[in-house]
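Notes follow the structure.
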Amino acid sequence: MVSRFPVLILASLVSAAPAFAAGIPVEPGLWEMTSTMNMPMLPEPRVTTVTECMSRSELSPDEMGAQGMDPNCTYDSVQVDENTLRWWFDCPVEGGTSHGEWEAVSGGDTMEGSGEITMSFQGQDMTMTMEWAGRRIGDCTE
């Protein structure tokens, strides 16, 4: 999940969320997404770039799902405000819990976002942060 996280975050994190009609606009086509992840256990940020075909013209919470997340996760809220999508979730982890807060902003042919997950287990807290940015680079070849 980490190597493809920038695109998959938008494609899978809201899998158990209730249906919402509104979404944020995105230009279909081939996208290049770069993410930067920071974790206390990593000596330096992990930067990953992926290329992914997006076929939808709108990313909406009810279309972002069905894979990748534990079905035991709960979603506190999903907000769509014009070009911005925000969501919060809580998931069980072995011996504890995790809480995430994410935001994605679309410019149509560009996208950026950030998020934070705090995991609590066995009396310890660990926070992972991520930022990503992407742009449409052309048409899909498939």
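No lab work stands behind these numbers, since they all come straight from the coordinates. Bear in mind that the values here come from a model prediction, so they are computed numbers and not experimental data. We place every Cβ from the backbone using ideal geometry, glycine too, and count neighbours over all the protein chains shown.
Potential lengthening of the chain between ILE137 and LEU30 amounts to 38.0 nm, from the contour at 0.36 nm per residue minus the alpha-carbon distance. Here the Karplus relation 6.51 cos²θ - 1.76 cosθ + 1.60, evaluated at θ = phi - 60°, turns the backbone of the stretch 93-103 into coupling constants of 10, 4, x, x, 9, 9, 10, x, 10, 9, 8 Hz, with x for every Gly and Pro.
The modelled label-to-label distance for the pair ASP70/ASP109, using points 7 Å beyond Cα in the direction of Cβ, is 4.1 nm. With a Förster radius of 25 Å applied to the C-beta separation of ARG56 and TRP88, the computed FRET efficiency comes to 0.65.
A full extension of the chain between THR118 and GLU44 corresponds to an added length of 24.8 nm, given 0.36 nm per residue minus the alpha carbon distance. Once the Cα-Cα distance is subtracted from the 0.36 nm per residue extended length, the THR129 to THR97 segment shows a gain of 9.9 nm. Summing Lys, Arg as +1 and Asp, Glu as -1, what charge do residues with Cβ under 14 Å from the Cβ of ASN38 carry, ASN38 excluded? Charge balance near ASN38 sits at -2.
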